[in-house]
Each structure stands twice: as structure tokens, then as C-alpha cells.
Amino acid sequence: MTDTVFSAMTGRDAPASGEPVLSVENVKKSFTVHLRGGITLPVVENVSFALSPGECAVLGGPSGVGKSSILRMVYGNYAVDGGRILVADGDGAPADLASGDPRLVMRLRRESIGYVSQFLRAVPRVPALDVVAEPLFARGVDAAEARERAGALLARLNLPKALFDLPPATFSGGEKQRVNIARGFITDHRILLLDEPTASLDAANRDVVAEMIEGKLARGVAILGIFHDTEVRARVATRVIDVTGFSARKAA
Ligand SMILES: Nc1ncnc2c1ncn2[C@@H]1O[C@H](COP(=O)(O)OP(=O)(O)OP(=O)(O)O)[C@@H](O)[C@H]1O
């Protein structure tokens, strides 16, 4: 889909202001496929964009163009082949998450970058409430307060109270995704990455998530997301970044 078409689908005025909290500069990524004799599959190159507080930039472009790969590189799940990913780091100089230092990545995740993946990776035997509260435990928030905030978020997302103390492994797809969303939204991180957060939700819960995103933006959080859900995208996006322009697979 072209940038122009996407632009018509972004419903918010751009309120972005201030210094960027995330700057992606000339990032490059290819995959080596060992099952196919170690061939190299280029995905994206020259990926460059910046994200300011209060902005919701949506990664657009056709399936397979590299949207999720970019989100995973910004979260440090995928290593980059080149370029920099500069993340605002307290009052000091921005930190380069692309440097590949695992301690830096862990610290930035604890302090600066939240991520809602498409699917919840549930840890066996950990109740939903603690899965959600865990990012607050990691930041040293009192356990009772962390659980109270986790419960309030799960209630807002209409998760039945009877499920709070059960591990999410047996939850439905939509229930798991709501636990995942609550976990991603519970901190006050300055950057939030969203990979199709509403994909498995019903209309009422999609609406709650859109409201939660609007709340984050109003508080100056910078959001980078993938939304195949056109209604939610139209409601929250301030800008579209067309990943087709960064594709390393040139048309034949
Ligand atoms: N871990 C991996 N190993 C090998 N190839 C991968 C890996 N992850 C992604 N790819 C390939 O990189 C390309 C981009 O994938 P990616 O998931 O980033 O696309 P996308 O734009 O998010 O697609 P969709 O909209 O379908 O989710 C695809 O061709 C995919 O097969």
C-alpha cells in the first residue's frame, strides 16, 4: 500500500513535539537461512526515521516487507547488520541499542522501551496477575502495589477476575492478548512498540485498547506500531512509515 493511501487512514493530527526519543539511522538487516545452505536473504536497508514524544508512527507496507523485523530490531530481539538505533536514556546521551550489548538492551527494556508482541509467551505456572505486574517488580515497585495496578489494568481490559490467579497458558487467544497488552502498558516507558495489539480482540476490547493508546499519547509516550486493524490505525496513527522504501529486495 502506498504512503498516500496510508496517510488518508491516519486520523490524528500530529501532536509530536520535542527531541526525538528514538532515532533509527541507516539500519540494515538480512537473514541467513541455515536450512537452505546458509543463503542470505536481504530484508531491509537504509532504515531511517525518528520518533518524538506523543507521536504514533505506524509501519506500513505489504506482507513480508519487514515491518515486524524492524520492530524486533528496535526492541533488540533481532541483531542489526549495520546502522544505529538511538534511544533516549535519562538525561544523558542517547544509547545505541544496535551496539548489541545485552546488558544495555535489558536496561533499556526495563527503563525505556515497552513492547507488546503479537503473542504472549506465557511462563508456566506464573499467574496472569504476576505476568502483568512483572515489569513493575523489575523496577522495584512494591509487590502489593504492582499487583493492584496489574489487576486494575486487567479489569479495564475486561478479563474475568476468576482468571487473575491462573497461568495464561490455557487462556483463549483474546484473553492471552489482553494479558500481553496489560503487561506492555503497565509501565510509564517513554517508547512503546506495538505489534498488531488488537488482532485477536473483539470490538469492545479493541475500543478499550484504542483508548489506552490515546491515553499514552496524551502523556507524551512515543509509539511505533503495526496495525492491520484499519479502524484502530485510523484512530491512533499520526504518521505512516512506508517500509517499502527500505526494502532490500528490489523488484525484478
Ligand atoms: N527469523 C527469521 N529468519 C529468516 N527469515 C525471517 C525471519 N524473520 C523474518 N524473516 C523474513 O523476513 C521477511 C520480513 O518478515 P517480517 O515478519 O518482518 O515482515 P512483515 O512486513 O512484518 O510481514 P507481515 O505483515 O506478513 O507480518 C520475510 O520474508 C520473512 O520470511
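Looking only at helices (runs of 4 or more DSSP H) that fall completely inside the stretch 155-252, which ones have 2 or more residues that are among the basic types (Lys, Arg) and farther than 26 Å from Pro53 by Cβ? Talk me through it step by step, then tell me what you get.
Numbers: elements: 173-185, 203-218, 230-236.
Where helices (runs of 4 or more DSSP H) fall fully within the stretch 155-252 and carry at least 2 residues being among the basic types (Lys, Arg) and farther than 26 Å from Pro53 by Cβ, they are 173-185.
Please identify the pairs in which a residue from the stretch 233-246 that is basic (Lys, Arg) has its Cβ atom under 6 Å from the Cβ atom of a residue that is in a helix (DSSP H, G or I), counting only partners at least 6 apart or on another chain.
If the second residue must be in a helix (DSSP H, G or I), the pairs left are Arg235/Ala210.
Checking Gly173 against (1) of a type in the set (Gly, Ala, Ser); (2) within 16 Å of the ligand (Cβ to nearest atom); (3) more than 13 Å from the chain's Cα centre (by Cα), which single condition isn't satisfied?
(2)
Quick test of your reading of the structure: Arg84 fulfils all but one of (1) in contact (Cβ under 8 Å) with a residue 40 or more places away in the chain; (2) within 10 Å of the ligand (Cβ to nearest atom); (3) not hydrophobic (A, V, I, L, M, F, W, C). Name the failing condition by number.
Just one mismatch for Arg84, condition (2).
Output the residue which, of all residues in the stretch 235-252 that are among the small types (Gly, Ala, Ser) and touching a helix residue (DSSP H, G or I) at 6+ places or on another chain (Cβ under 9 Å), is nearest to Gln118 (Cα to Cα). Quick ask: steps written out before the conclusion?
Here is the first cut: in the stretch 235-252, the ones among the small types (Gly, Ala, Ser) are 237, 245, 247-248, 251-252.
Subsequent filtering for residues that are touching a helix residue (DSSP H, G or I) at 6+ places or on another chain (Cβ under 9 Å) retains 237, 245.
Working: Ala237: 18, Gly245: 24 Å.
Filtering the stretch 235-252 for residues that are among the small types (Gly, Ala, Ser) and touching a helix residue (DSSP H, G or I) at 6+ places or on another chain (Cβ under 9 Å), the one nearest to Gln118 (Cα to Cα) comes out as Ala237.
Glu25 versus (1) assigned to a helix (DSSP H, G or I); (2) away from the ligand (no atom under 16 Å from the Cβ): which is the lone unmet condition?
Failing condition for Glu25: (1).
So which of Glu231, Glu214 ends up being surrounded by fewer than 17 Cβ atoms within 10 Å (Cβ to Cβ) and within 20 Å of Arg190 (Cβ to Cβ)? Break it down into steps so the answer makes sense when it comes.
Details: Glu231 fails: within 20 Å of Arg190 (Cβ to Cβ).
On inspection, the qualifying residue turns out to be Glu214.
So how many residues does the stretch 90-110 have that are closer than 30 Å to Thr170 by Cα and touching a residue at least 12 places away in the same chain (Cβ under 8 Å)? Can you show your working first?
Within the stretch 90-110, the subset closer than 30 Å to Thr170 by Cα is 106, 109-110.
Right, trim to touching a residue at least 12 places away in the same chain (Cβ under 8 Å) and you get 109-110.
Selection size over the stretch 90-110: 2.
Would you please list the contacts, defined by Cβ atoms under 8 Å and residues six or more apart or on different chains, that run from a residue in the stretch 33-62 that is over 18 Å from Leu194 (Cβ atoms) and surrounded by 19 or more Cβ atoms within 10 Å (Cβ to Cβ) to a residue that is modelled with pLDDT under 90 and among the basic types (Lys, Arg)?
Val43/Arg249
Can you list residue pairs whose Cβ atoms sit under 6 Å apart, with the first residue in the stretch 215-232 being within 17 Å of Arg156 (Cβ to Cβ) and the second being among the aliphatic types (A, V, I, L, M) and within 16 Å of the ligand (Cβ to nearest atom)? Count only pairs 6 or more apart in sequence or on different chains.
Once the first residue is within 17 Å of Arg156 (Cβ to Cβ) and sits in the stretch 215-232, no partner that is among the aliphatic types (A, V, I, L, M) and within 16 Å of the ligand (Cβ to nearest atom) comes close enough.
Find the residue count for the stretch 54-74, including only residues that are at positive phi and near the ligand (Cβ under 8 Å from one of its atoms).
From the stretch 54-74, those at positive phi are 54, 61, 64, 66; that's our starting set.
In the following step, the residues that additionally are near the ligand (Cβ under 8 Å from one of its atoms) were identified as 61, 64, 66.
The qualifying residues number 3.
The values are calculated or read from the model by the stated rules, or taken from the named source; none is laboratory data. Note that the structure is predicted; figures quoted are calculated from it, not measured. Cβ atoms come from the backbone with ideal geometry, glycine included; neighbour counts cover every protein chain shown.
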